[in-house]
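What follows is a short report on a single structure.
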Amino acid sequence: MKIDEFDYFLPKELIAQTPLVDRDQSRLLVVDRKEGSLSHKKFRDIVYYIQSGDVLVINNTRVIPARLLGRRETGGKVEVLLLNPVGENVWECLVKPGNKVKPGDNLYFGTDSDPELIGTVLERTSFGGRLIEWSHDGEWEDVLSRLGKIPLPPYIKVPLEDPERYQTVYAEIPGSAASPTAGLHFTPELLQEIKENGVQIASVTLNVGLDTFRPVSVENIEDHEMHKEYFEIKPDAVETIRRAKETGNRVFAVGTTVVRVLESSVGEDGLLIPKKGATDLFIYPGYDFKIVDCLVTNFHLPKSTLLMLVSAFAGKELITEAYAEAIREKYRFFSFGDAMLII
């Protein structure tokens, strides 16, 4: 398939720059695959679609202050985005300006006279990043909380007043460079109402990394190589999901990250299994979904792997129609935008 098949035009004014005051007041475009229909709701109306016995699966990752602003040995500015740890004190990172940061270089963060954090560039990675070894005094988390900033996507130009609005209300496990934004619409009260309706909530973890920031650049999407991201699904979540499947209930995945965890954790017998490690699963049209029955998701960038995943789940023609409808109705797009429920 060609990358241009996943392109569309989006007016800039539809890119949401700030989150809504009330998380669950986002709009919700409901896409019914069986009927081929679209309907317009509020996000909190999701309670009418998730039934007793169903399972809502959330990604409990937490965004870390992964954006570091410092200087090179020459005195020039440098920006580092932490992606994932690959060893003791070693992280895979994105670096700007990349052409001026070479293996062997030292990068300094903190005051010029007494930098709290020093990064030594070890090598380039296959995805244009760098492996950087970090040295610091004190606990890593404390240093990062003082020097780092929450990294917002480049299409958001307005400063975020409250960094917690880029975290889900159930964010727990630190490690992501970006938020699993489909979950930003949930409130504690909405989750409690869902539970009281007899719905089980299961947690998995996927640390959102490089592919959130890296567009697909190949002409044939089959040639695209996904970056590996750490994930974990524990036995209790597996048991909850397997029990629902066995009784004919549905699995609702909150976000494409949850889809990738669940579909990466299928055993040879086709059943979900506990698993942790790194996944580079790339889902595009033609993929046979094993676990996920329904999907809560945001509206994604043109030519992105996320758009390809939802096109695989709902059918490319229906997703194309849904996006056109959302643009006509002036839905808010991307991280702080509105949501879609695919049933």
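Gain in length, residue 77 to residue 96, computed as 0.36 nm per residue apart minus the alpha-carbon separation, to one decimal in nm?
Full extension of this stretch gives 6.0 nm more.
Using only the alpha carbons of region 200-343, what is the convex hull's orientation-averaged projected area in square nanometres?
9.0 nm²
Quick query: amide H of residue 33 versus all other amide H atoms, modeled in the peptide plane; which residues come in under 5 Å with a sequence gap of 5 or more or a different chain?
343
Where is the GNM fluctuation largest for the chain (alpha-carbon springs, 10 angstrom cutoff): 298, 59, 197?
It is 197.
In deg cm²/dmol and to the nearest 500, what is the mean residue ellipticity at 222 nm of the chain if only DSSP H runs of at least 4 residues count, each as -39500 (n - 2.57), divided by the residue total?
Helix-only estimate at 222 nm: -5000 deg cm²/dmol.
Counting other beta carbons within 10 Å of each Cβ, put 340, 1 in order, fewest first.
Ascending number of Cβ neighbours within 10 Å: 1, 340.
Taking the convex hull of the Cα atoms, report for region 67-147 its projected area averaged over all directions, in nm².
Mean projected area for region 67-147: 4.9 nm², to one decimal.
Rounded to whole Hz and in sequence order, give me ³J(HN,Hα) for region 293-307 from the Karplus expression 6.51 cos²θ - 1.76 cosθ + 1.60, θ = phi - 60°, writing x for Gly and Pro.
These are the phi-based 3J(HN,Hα) values: 9, 9, 9, 9, 8, 8, 8, 10, 5, x, 6, 9, 4, 5, 5 Hz.
Show the residues, 5+ positions off or on another chain, whose built amide H is closer than 5 Å to the amide H of residue 62.
Under 5 Å from the amide H of residue 62: 172, 173, 175, 176.
On full extension of the chain, what length is gained from residue 329 through residue 69, given 0.36 nm per residue of separation minus the C-alpha to C-alpha distance?
Separation in residues times 0.36 nm, less the Cα-Cα distance, equals 89.7 nm.
Quick check: residue separation of residue 113 and residue 288 times 0.36 nm, minus the Cα distance between them. What number comes out in nm?
Roughly 57.3 nm would be gained on extension.
If neighbour count is taken as other Cβ atoms inside 10 Å, put 55, 238 in order from fewest to most.
238, 55
To make sure I understand the rule: partners must be lysines, Cα under 24 Å from the Cα of residue 12, and not fewer than 8 residues away in the same chain. Which ones qualify?
Output for residue 12: 41, 42, 157, 303, 316, 330.
Taking each pair of distinct Cα atoms in the chain once, what is the resulting Kirkwood hydrodynamic radius in Å?
In the chain this quantity evaluates to 21.0 Å.
From the phi of every residue in region 108-125, what ³J(HN,Hα) in whole Hz does the Karplus formula 6.51 cos²θ - 1.76 cosθ + 1.60 yield, where θ is phi - 60° and glycine or proline is x?
Here the 3J(HN,Hα) series is 10, 9, x, 6, 4, 7, 8, x, 7, 9, 10, x, 10, 6, 8, 6, 7, 10 Hz.
Can you tell which of 247, 121, 16 lies farthest toward the positive end of the dipole of the chain, using +1 and -1 charges on the Cβ of basic and acidic side chains (Lys, Arg; Asp, Glu)?
16
Can you work out ³J(HN,Hα) from phi for every residue in region 262-268, in order, using Karplus 6.51 cos²θ - 1.76 cosθ + 1.60 and θ = phi - 60°, giving whole Hz and x for Gly and Pro?
5, 6, 8, 10, 9, x, 4
Can you list residues whose amide H is under 5 Å from residue 227's amide H, if they're 5+ apart or on another chain and H is modeled 1.01 Å from N?
Placed amide hydrogens put 211 under 5 Å from residue 227.
Computed from the coordinates by the stated procedures, all read-outs in this text should not be read as laboratory data. These numbers were taken from a predicted model, which means no experiment stands behind them. We place every Cβ from the backbone using ideal geometry, glycine too, and count neighbours over all the protein chains shown.
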